[in-house]
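Peer 1: Just dropping this structure here.
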Amino acid sequence: MTFEGLLPIQISMKELVNFLFETGMLKKTPRSGFQFLGSGEESVAEHSFRTAVIAYVLSSQEKEAEPYKAVLMCLFHDLHEARTGDLNYVNKRYVKVDEDGAVRDFARRLPFGRNLIDLTREFNAGESLEAKISKDADQLELILSLKEQQDIGNPHARDWLTYALKRLQTKTAKKMAEQILVTESTDWWFEKNTDWWVNGPGNGQNNKR
């Protein structure tokens, strides 16, 4: 793989800091699909974080996978959106984004820029095990978000879930998705079969200060 146009790996600390400021733009960049869903909101940074966590979890279930590589793919898979913004499926009918150009532009002045380009291209190609895991993590993050919106009453979330589920590739991701669909998004903290919510912790007695 060639990386024509990349600058030599000699860089100032300012260029590294500029890159970190650029990644901060993802905190301010909304995931535009929620505009069409009608409820919910999420920044690209929030999406990327949980996607990376999901990739680690999925990789831990795949003996041949490299978790570190999958996590990095997910951390960086939407980094170009700091420059292009996030385009949903409606937008993409009419707008074409030069994702590769955006990646090359921010990577060309970074000592690890070649790695970013390589990871991004491998993710988009979707052929390696890590790429498949990362793409599944990307969809599972959406599936989790849709389930959260369904649980609070958005009637459109169910239809969106139907299509997101069809995009999954690995057996582990499909199995996880099945569990997501039958799990309330509040189950991790709201234990309904306990009197904790009435009496508080400590053998049915309120905490004393």
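The values are calculated or read from the model by the stated rules, or taken from the named source; none is laboratory data. Note that the structure is a prediction, hence the values are computed from the model and not measured. With ideal geometry, Cβ positions are generated from the backbone for all residues, glycine too; neighbour counts draw on all protein chains shown.
Peer 1: Check off (1) among the charged types (D, E, K, R); (2) part of a helix (DSSP H, G or I); (3) surrounded by 15 or more Cβ atoms within 10 Å (Cβ to Cβ) for GLU62 and give me the number that stays unchecked.
Peer 2: (2)
Peer 1: Separate question: Taking the stretch 73-84, which residues are surrounded by fewer than 22 Cβ atoms within 10 Å (Cβ to Cβ) and either closer than 13 Å to ASP138 by Cβ or within 14 Å of the chain's Cα centre (by Cα) (or both)?
Peer 2: Selection gives LEU75, PHE76.
Peer 1: Moving on. Please determine, by comparing only the residues of the stretch 120-153 that are among the β-branched types (Val, Ile, Thr) and farther than 15 Å from LEU75 by Cα, which one is surrounded by the most Cβ atoms within 10 Å (Cβ to Cβ).
Peer 2: So the residue we want is ILE143.
Peer 1: Could you grab me the full set of residues in the stretch 22-59 that are out of contact with any helix residue (DSSP H, G or I) (no Cβ under 7 Å at 6 or more places or on another chain) and buried (at least 19 other Cβ atoms within 10 Å of the Cβ)?
Peer 2: GLY33 - this is the single residue of the stretch 22-59 that is out of contact with any helix residue (DSSP H, G or I) (no Cβ under 7 Å at 6 or more places or on another chain) and buried (at least 19 other Cβ atoms within 10 Å of the Cβ).
Peer 1: OK, next. Testing ARG109 on (1) surrounded by 14 or more Cβ atoms within 10 Å (Cβ to Cβ); (2) of a type outside the set (Gly, Ala, Ser); (3) part of a helix (DSSP H, G or I), one condition comes back false. Which one is that?
Peer 2: (3)
Peer 1: Okay, next question. Could you list, in sequence order, the residues of the stretch 176-209 that are closer than 16 Å to LYS135 by Cβ and either of a type outside the set (Gly, Ala, Ser) or modelled with pLDDT under 95 (or both)?
Peer 2: MET176
Peer 1: For the stretch 65-86, give me the residue count where each residue is of a type outside the set (Val, Ile, Thr), within 12 Å of LEU119 (Cβ to Cβ) and assigned to a helix (DSSP H, G or I).
Peer 2: Residues in the stretch 65-86 being of a type outside the set (Val, Ile, Thr), within 12 Å of LEU119 (Cβ to Cβ) and assigned to a helix (DSSP H, G or I): 8 in total.
Peer 1: Given the criteria in a helix (DSSP H, G or I), in contact with an Asp or Glu (Cβ under 8 Å, 6 or more places away or on another chain), at negative phi and at pLDDT 95 or above, does ARG158 qualify?
Peer 2: No: the conditions fail for ARG158.
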